[in-house]
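Chemist: Got a structure for you, written out below as structure tokens; questions coming shortly.
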Ligand SMILES: [Zn+2]
């Protein structure tokens with residue numbers, strides 16, 4: 001059960017470990033197709049068993065309590081879906097959350113919004129990238145079955161959903177950064193305060209090996225070429241500007257920096 005406290009200027013942050021799943025070699029083969037030999041080799045050199053994590057970001061800025069993504073939802077407990085329990089241990093209840101910001105609409109990020117058909121966050125405004133909403137719930141080519149699931153998830157929040165796009169401020173010191181490819185509206189976030197900064201890249205990458213091999217996209221990247229191009233671009237920016245990043249699916253707490261290394265980059269974990 002994991003929480004990791006840190007701060008960026010005046011902003012208080014907690015990475016909350018929603019949970020973790022073991023990714024074995026069969027799982028990797030299912031996740032990356034085709035699977036380059038060098039990528040498989042890099043996986044084999046990682047500490048085993050490889051842990052595929054879900055890192056939720058809790059933010060306190062200018063008196064507001066904010067969550068970026070909600071995790072898998074309590075049905076997955078105890079392996080995943082532990083976010084609310086861990087927040088509770090920190091003295092933070094779901095009713096105190098003012099804003100829930102979603103990076104994209106996959107259920108390992110949005111699944112914690114409801115239990116049954118009831119809203120988990122009774123007082124929160126829900127903030128969603130507009131492009132993402134259009135893809136899954138409006139004119140986009142998303143499967144009808146998924147559309148129905150998402151409609152049910154958002155139904156109890158009717159009237160308190162706000163749409164945002166690249167460059168929009170969603171709270172004091174928190175700005176949306178479009179990072180499309182994993183999904184059409186997938187977004188990251190810049191947290192900045194008092195000259196300090198953090199870039200939350202969320203699902204711009206899923207596996208630590210993609211830092212060395214940014215051209216490799218997993219099967220669940222809906223636009224794999226766009227994802228690969230944006231992944232390289234954001235990793236170049238992170239390396240050149242010396243930014244600290246948070247990555248949703250890397251080893252808890254998912255914080256670190258990257259350096260240029262060969263044709264890719266090297267991961268320098270923190271925390
Ligand atoms: Zn994800």
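The values are calculated or read from the model by the stated rules, or taken from the named source; none is laboratory data. If you're wondering where the values come from, they're calculated on a predicted model, not measured in any experiment. Positions of Cβ are generated from backbone atoms using ideal geometry, with glycine treated the same way; all protein chains shown enter the neighbour counts.
Residue-by-condition table, conditions (1) farther than 30 Å from residue 260 by Cβ; (2) touching a residue at least 60 places away in the same chain (Cβ under 8 Å); (3) in contact with a strand residue (DSSP E or B) (Cβ under 9 Å, 6 or more places away or on another chain):
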residue	(1), (2), (3)
170	yes, yes, yes
181	no, no, no
185	no, yes, yes
190	no, no, yes
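Chemist: Looking at the stretch 35-50, can you tell me whether even one residue there is modelled with pLDDT of 95 or more, under 22 Å from residue 201 (Cα atoms) and assigned to a strand (DSSP E or B)?
Modeler: There is at least one residue in the stretch 35-50 that is modelled with pLDDT of 95 or more, under 22 Å from residue 201 (Cα atoms) and assigned to a strand (DSSP E or B).
Chemist: Looking at the stretch 229-271 only, could you name the residues that are in contact with a helix residue (DSSP H, G or I) (Cβ under 8 Å, 6 or more places away or on another chain), over 24 Å from residue 48 (Cβ atoms), away from the ligand (no atom under 16 Å from the Cβ) and outside any strand (DSSP E or B)?
Modeler: Passing the criteria: 235, 243.
Chemist: Only residues that are within 15 Å of the ligand (Cβ to nearest atom) and part of a loop (DSSP other than H, G, I, E, B): list them for the stretch 189-222, please. Let's see the steps before the verdict.
Modeler: Just the residues of the stretch 189-222 that are within 15 Å of the ligand (Cβ to nearest atom), to begin with: 189, 200-208, 210, 217-222.
Passing the criteria: 203, 204, 205, 206, 207, 208, 217, 218, 219, 220, 221, 222.
Chemist: Continuing with this model, one more query. Quick check, is residue 16 surrounded by 14 or more Cβ atoms within 10 Å (Cβ to Cβ), farther than 21 Å from residue 169 by Cα, under 13 Å from the mean Cα position of the chain (by Cα) and modelled with pLDDT of 95 or more? Talk me through it step by step, then tell me what you get.
Modeler: Details: surrounded by 14 or more Cβ atoms within 10 Å (Cβ to Cβ): yes; farther than 21 Å from residue 169 by Cα: yes; under 13 Å from the mean Cα position of the chain (by Cα): yes; modelled with pLDDT of 95 or more: yes.
When the stated conditions are applied, residue 16 passes them.
Chemist: Does residue 156 satisfy being outside any loop (DSSP other than H, G, I, E, B), within 18 Å of the chain's Cα centre (by Cα) and away from the ligand (no atom under 16 Å from the Cβ)?
Modeler: No.
Chemist: Okay, moving on. Could you tell me whether the stretch 176-184 includes any residue that is farther than 16 Å from residue 246 by Cα and surrounded by fewer than 17 Cβ atoms within 10 Å (Cβ to Cβ)? I'd like the intermediate steps shown before the answer.
Modeler: The first filter runs over the stretch 176-184 and keeps only residues farther than 16 Å from residue 246 by Cα, leaving 180-184.
Next, only the ones that are surrounded by fewer than 17 Cβ atoms within 10 Å (Cβ to Cβ) stay: none.
Among the residues of the stretch 176-184, not one is farther than 16 Å from residue 246 by Cα and surrounded by fewer than 17 Cβ atoms within 10 Å (Cβ to Cβ), which makes the answer no.
Chemist: Select, from 194, 215, the only residue that is surrounded by fewer than 24 Cβ atoms within 10 Å (Cβ to Cβ) and in contact with a helix residue (DSSP H, G or I) (Cβ under 6 Å, 6 or more places away or on another chain).
Modeler: On the way: 194 fails: in contact with a helix residue (DSSP H, G or I) (Cβ under 6 Å, 6 or more places away or on another chain).
So the residue among 194, 215 that is surrounded by fewer than 24 Cβ atoms within 10 Å (Cβ to Cβ) and in contact with a helix residue (DSSP H, G or I) (Cβ under 6 Å, 6 or more places away or on another chain) is 215.
Chemist: Would you confirm whether or not the stretch 227-238 contains a residue that is touching a residue at least 24 places away in the same chain (Cβ under 8 Å), in contact with a strand residue (DSSP E or B) (Cβ under 9 Å, 6 or more places away or on another chain) and under 20 Å from residue 19 (Cβ atoms)?
Modeler: Checking the stretch 227-238: not a single residue is touching a residue at least 24 places away in the same chain (Cβ under 8 Å), in contact with a strand residue (DSSP E or B) (Cβ under 9 Å, 6 or more places away or on another chain) and under 20 Å from residue 19 (Cβ atoms).
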